[in-house]
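Reviewing the structure listed below.
The values are calculated or read from the model by the stated rules, or taken from the named source; none is laboratory data. No experiment lies behind these values; they were computed from the predicted model shown. Cβ sites come from the backbone with ideal geometry, for glycine too, and all protein chains shown count toward neighbours. Heavy atoms of the whole protein, side chains included, go into the accessibility calculation; ligands, DNA and RNA do not. Shrake-Rupley method; radii C 1.70, N 1.55, O 1.52, S 1.80 Å.
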Amino acid sequence: MKDLTKEFIALRLKKKDLPGVVFLYGEEDYLLQHASQYVKQGILNEGVDEFNYRSYYAPEVDIGELRDELQTLPMLCSQRVIWVKEVHELKEKEWEILEPLIKEPTPMTVLLLTTRTPDKRKKYFKWLTESSFHCEFKKPFDNQVPSWIRHIAQSRGLILTEEASHLLHQWVGSVLVEIDAEIRKLEMYLGDRKEVEVEDVEACVSRRREENIFDFTKSLGEAKKAQSLSHLNSLLQQGQNELGILSMVARHLRLLILLKQGQAEGLQGVKLAQYAQVPPYFISNYLQQAKLWSVQALEKSLVLLADADRNLKAPVLPTHFYLETLVLKICALASS
């Protein structure tokens, strides 16, 4: 996977025109931290960190000390790096002191500002995005996670089979920091081996959640009302996003539709798995679910999903009501 942000920063460093202020923000901690470290390492020569690097947490920063650091000359290096984390915690008066230094930065210092949750309504956000190199790191969509799993594994010299990658995604979820931690565990577990099989994931990887969204979609695919409602309740208690749950249900139903269509065209085994984009290791489970459904019933379920999506975006009743009603209506369509 190409890391376009990394490539862009590398190009700016090569031209020696990285701006004096770099503003990186977003909810995806893995990408945010890696990009921040890349900026730091790309500017500083090895062995000079002690003289030319300082980091601060915004809630604890002495703004006068920070201002002095920004105007201090580098030693044995062309630029210094000052990294201020969680900058959304800075007070308005502190932003007022920093504003002239950000709008007209000194060429001898790169000020790296990072935060997971900037307040985009504040005026500092507007002039930061106008006066700096800035990049937002959003959480990947669920269909992008398998590519990130492969990318993170490759960065550690590992190759996951398609089935192993699928299972890791099921068990760990979509948070890249957690995926990275589990892949590090796999690296230690494997020793000199480089290919990760399903058995390795089963032996080494932790299931992050007692109730997993894939358990929920499986029980829904099996039209088990009570079990589906129980899994749904657990997911909501764990703070799962309602629209995210809908997205995964839609993906699961479309997968079952593809299996039904593939079977109607006479496909079997590996060819059917490829048609439906399902790892062959898991196809038997999905086929058992598909037996319970007609294509028409699955298409009606997608219509119900669209209705639930509209209701969740402008709820009149508690949001769990729409999801619970959806589960009961979908299960009632099985074998219809």
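Scanning the range 275-320 for residues that are outside any helix (DSSP H, G or I) and either more than 28 Å from the chain's Cα centre (by Cα) or at pLDDT 95 or above (or both) yields LYS291, LEU292, TRP293, SER294, VAL316, LEU317.
Counted as qualifying within the range 19-122 are the strands (runs of 3 or more DSSP E) with 1 or more residues that are within 30 Å of ASP142 (Cβ to Cβ) and within 21 Å of the chain's Cα centre (by Cα), namely 21-25, 80-85, 109-115. Taken over the range 141-161, the criterion of being in contact with a helix residue (DSSP H, G or I) (Cβ under 8 Å, 6 or more places away or on another chain), open to solvent by 70 Å² or more (accessible area, probe 1.4 Å) and in a helix (DSSP H, G or I) is satisfied by ASN143, ARG150.
Name the single residue that is farthest from PHE214 (Cα to Cα) among those in the range 123-140 being part of a loop (DSSP other than H, G, I, E, B) and either free of Cβ contacts under 8 Å to residues at least 40 places away in the same chain or touching a Gly at 6+ places or on another chain (Cβ under 7 Å) (or both). If you could, list the steps in order and put the result at the bottom.
In the first step, residues of the range 123-140 are kept if they are part of a loop (DSSP other than H, G, I, E, B); the result is 132, 137-140.
Next, from what is left, pick out any that are either free of Cβ contacts under 8 Å to residues at least 40 places away in the same chain or touching a Gly at 6+ places or on another chain (Cβ under 7 Å) (or both): 137-138.
Numbers: PHE137: 26, LYS138: 23 Å.
Here the residue is PHE137.
Screening the candidates GLN240, GLN261, GLN289, GLN274 for the property of being open to solvent by 80 Å² or more (accessible area, probe 1.4 Å) and among the polar types (S, T, N, Q) yields one hit, GLN274. In the set (1) farther than 24 Å from GLN240 by Cα; (2) at pLDDT 90 or above; (3) open to solvent by less than 40 Å² (accessible area, probe 1.4 Å); (4) part of a helix (DSSP H, G or I), LEU323 fails one condition alone, (1).
Which one of THR117, THR109 is open to solvent by 40 Å² or more (accessible area, probe 1.4 Å), at pLDDT below 90 and among the β-branched types (Val, Ile, Thr)? Full working, then the answer.
Details: THR109 fails: open to solvent by 40 Å² or more (accessible area, probe 1.4 Å).
The conditions single out THR117.
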